[in-house]
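This report concerns only the one structure given below.
The values are calculated or read from the model by the stated rules, or taken from the named source; none is laboratory data. Note that the structure is a prediction, hence the values are computed from the model and not measured. Backbone-built Cβ (ideal geometry, glycine too); neighbour counts: all protein chains shown.
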Amino acid sequence: MTNVPGLTGVNESIVSMKKVDTALKTAVSTNVLELAKQIATEAARLVPIDTGALCDSIQYYKVDDFTAEIVAGSPGEWNRNMTGPKSDVGYAAFVEFGTSRMDAQPYMRPAVDAMVKEFGFTGYLQLSVNKALK
């Protein structure tokens, strides 16, 4: 980088900003997966239990550094990277949304709502920023 007369510390500032960028990406990635884990745990707590198969099918996994997915259902619907118990449950959506013969018994949406209520839409992002700037 070329030094500009009268400006000092530019190179050091750029290095510092790159460190913050890396730290922020790491913190957000970690917090996204942690939030997915908390939502999956809350969904498992809320799901109606008969045999326990639907509860066992609730899983979360990392899609990329900034995306996680929480799923419930049969293993055929799951991403190949998933681990953990794999109950064959093809009725997960029917329980969540109901049918013409059965009322909905939501467990995923209330789990997400609980996390939004606790942290707000930007709460996890704020935690990530604070963590990165320490």
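The requirement of being in a loop (DSSP other than H, G, I, E, B) and at pLDDT 90 or above is fulfilled nowhere in segment 111-125; no residue meets it. In summary, ASN81 fulfils each of the numbered conditions (1) in a loop (DSSP other than H, G, I, E, B); (2) modelled with pLDDT of 90 or more with the single exception of condition (2).
Residue count for segment 37-55 under the criterion of being within 14 Å of VAL112 (Cβ to Cβ) and either among the charged types (D, E, K, R) or at pLDDT below 90 (or both): the result is 3.
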